[in-house]
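First up is the structure itself, then whatever we jot down about it.
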Amino acid sequence: MSMMLQAIHDVSTLAAEPVVPGFKPELPGTLQTPTGKILGWTAGGGLSLAVLGGLAGWACVAIGHNTERAQLASRGKSAIVWSVIAAVGIGVTSGLVMGFYSMTQGN
């Protein structure tokens, strides 16, 4: 029973004191500009590829329906869905990165 009381005492002592005192994570100033450019180009390139994938999907749907190739139309439809999912994923990720960045800045 005394081991249980000691464990409870240790946990309550650790919970009362901060484990990492006053740590504020942020990028050094020399990395902020290149990192922002890399993230911007990555997001822009990803969205461009998602748009191109969607356009290619619509083209496959049109060709598949006009030539009565159901498999091509089906692949085009799934390409459209995956392009939309990719674009939403890039948008959500971009929002999360900006949200976490602004939280670390204390704004």
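A few remarks follow.
- Accessible-area value, SER78, 1.4 Å probe, nucleic acids and ligands omitted, Å²: 50
- Highest-first arrangement of 79-85, 38-44, where packing means the average Cβ count within 10 Å: 79-85, 38-44
- Taking a Cβ cut-off of under 14 Å around ALA59, the surrounding Lys, Arg, Asp and Glu residues balance to a net charge of +3, with basic ones at +1 and acidic ones at -1.
- Counting heavy atoms of the protein chains alone, THR35 has an accessible area of about 50 Å² for a 1.4 Å probe.
- Principal axis box of the range 33-107, alpha-carbon based, largest edge first, Å: 58, 19, 12
The values are calculated or read from the model by the stated rules, or taken from the named source; none is laboratory data. Only a predicted model underlies this, so the values are computations on that prediction, with no experimental measurement involved. Note that each Cβ is placed from the backbone with ideal geometry, even for glycine, and that neighbours are counted across all protein chains shown. To get the accessible areas, we keep the full protein, side chains included, count just its heavy atoms, and leave off ligands, DNA and RNA. Shrake-Rupley method; radii C 1.70, N 1.55, O 1.52, S 1.80 Å.
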